[in-house]
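Report on the following structure.
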Ligand code: SF4
Ligand code: SF4
């Protein structure tokens, strides 16, 4: 059931206070989820709270390792557009 | 122990940043009294008083298309971007250290990097401690407004008298182009519905604050093609509801910032577009022109960053006697207020004398925008070294300050950001709409390029007071017959 925070997390604190299970660990280099504590918010909320506020696409994965917020879902930036821009900036 | 510094009142590069009568016109005495020593709201006070921000609020409850939560670069100087996150305790210590060292520091703000009211525990703990330990510091907060209504009671309790709400729209269809989502009632909500909730909360919060007698300033980001015309309506509405100031800021969008607008090619407004909109809104309410969109954790006088003196480890090593500091601060304040008062009275007298003079026939000559590379009120900066220009409008009836134009707005330069536009190109770009640029010195290449862009460089008034120099140049242009016709529009491109 447990969700996972991965390295693209920017430690913005947004998920920290929302978690009903106190499963979010404030640590470096980025925040983590205590898999033993995370309930997936079942019984508390319809949506996993951490994933519902996280501003970073791909920073939180579900129990199958799939991004809760896939590329483009939060920023509205099409993934191809972002990749092209990143390639262009890197090539300068 | 910190030795309080000798009071020092320099800090702004402009001699006079515009008429305070114009800025304060239309305000009630009560509001005038509240803002008269606020560096961000009172044009003449920012020579004497300073503000600082502490970064205690990292989380945000909405997404704006001009923001990228990943971006936190040391070269960054866009508003709302800071590097060092502080705990409330650290923020309080930093504030006391700065206030004890710099008696001008009169305002403490919490503005980000996220939304202060989306971090209520951290924000209000900071305010609670400061209200107790440093009652001589004004507290203020900026917010996107989503959580504002539920926070108004608590804001009033901590004696916060200035709240800034960023309101970019009052129409959900416009809002849907600015805000992709909000977090509301434990859900992420997208699109028009999200914008409608945000707008309703902002307006409700504004009304509640005004009802409580808390000053409200409204910030808007001008996004060409999205909310430019719409902001005139925003201005009218927020004024009608009792906001005392409306500050229109330009969108800063570049692909390298990784924002939606930056990556999708949304352009930023040109300086002349910004000015036109500010002019259009000015008829309705007090506009703030001297805002420099300071870095959110900047310490010191507006436009001057002393943050390096107060890093965390330096603050930890300090032992602050705030009781003693408060005595020095009170003395500084009394002296500064007396000087300000004298200057204001002088200005009033001058304007009365003008009023008694019989009106002469409408003088010839159209108004001209001139940029000045200034330092301490004089034409004293080398063109190539100027990081910002002060822009004045000269006309027959005098010289009026209209705003700042920054050159290196986003990053340190070519090497760090890989930006192809040179500093010279940026300077010329930043001066769009100006016909003259005054500086102490200027190189041959920039001289030629400026002339080619339709901007006349002028190095003949080095070290002269800014406004006198601008007036002299305008009179010369008038005498030379250059002011009878409209300038070609080409230079505004
Ligand atoms: S899914 Fe719910 S319980 Fe699990 S970490 Fe996120 S907020 Fe906490
Ligand atoms: S909300 Fe997302 S980015 Fe922010 S701390 Fe939590 S996981 Fe990291």
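The values are calculated or read from the model by the stated rules, or taken from the named source; none is laboratory data. Quantities reported herein were computed from a predicted structural model and do not represent experimental measurements. Positions of Cβ are backbone-derived with ideal geometry, glycine not excepted, and every protein chain shown enters the neighbour counts.
Here are the numbers for this structure:
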read-out: Residue within region B:157-174 that is at pLDDT 95 or above, in contact with a strand residue (DSSP E or B) (Cβ under 7 Å, 6 or more places away or on another chain) and within 14 Å of chain A (Cβ to nearest Cβ) present; value: no
read-out: Answer from B:88, B:103 - the residue that is modelled with pLDDT of 95 or more, away from ligand 2 (no atom under 16 Å from the Cβ) and crowded, with 20+ Cβ neighbours inside 10 Å; value: B:88
read-out: Contacts under 6 angstrom Cβ, first residue in region A:40-64 being at positive phi, partner assigned to a loop (DSSP other than H, G, I, E, B) and within 10 Å of ligand 2 (Cβ to nearest atom), 6 or more apart; value: A:58/A:8
read-out: Tally of residues being touching a strand residue (DSSP E or B) at 6+ places or on another chain (Cβ under 9 Å), within 11 Å of ligand 1 (Cβ to nearest atom) and touching a residue at least 24 places away in the same chain (Cβ under 8 Å) across region A:1-22; value: 8
read-out: Among (1) at pLDDT 95 or above; (2) within 12 Å of ligand 1 (Cβ to nearest atom); (3) touching a strand residue (DSSP E or B) at 6+ places or on another chain (Cβ under 9 Å), the one test that residue A:41 misses; value: (3)
read-out: All strands (runs of 3 or more DSSP E) inside region B:104-184 with 1 or more residues being farther than 24 Å from residue A:15 by Cα and touching a residue at least 40 places away in the same chain (Cβ under 8 Å); value: B:105-110, B:138-143, B:162-166
read-out: Restricting region A:38-92 to residues that are at the interface with chain B (Cβ under 8 Å from one of its Cβ atoms) and in a helix (DSSP H, G or I), the residue that is nearest to ligand 2 (Cβ to nearest atom); value: A:53
read-out: Residue within region B:360-375 that is part of a helix (DSSP H, G or I) and either exposed (fewer than 14 other Cβ atoms within 10 Å of the Cβ) or at pLDDT below 85 (or both) present; value: no
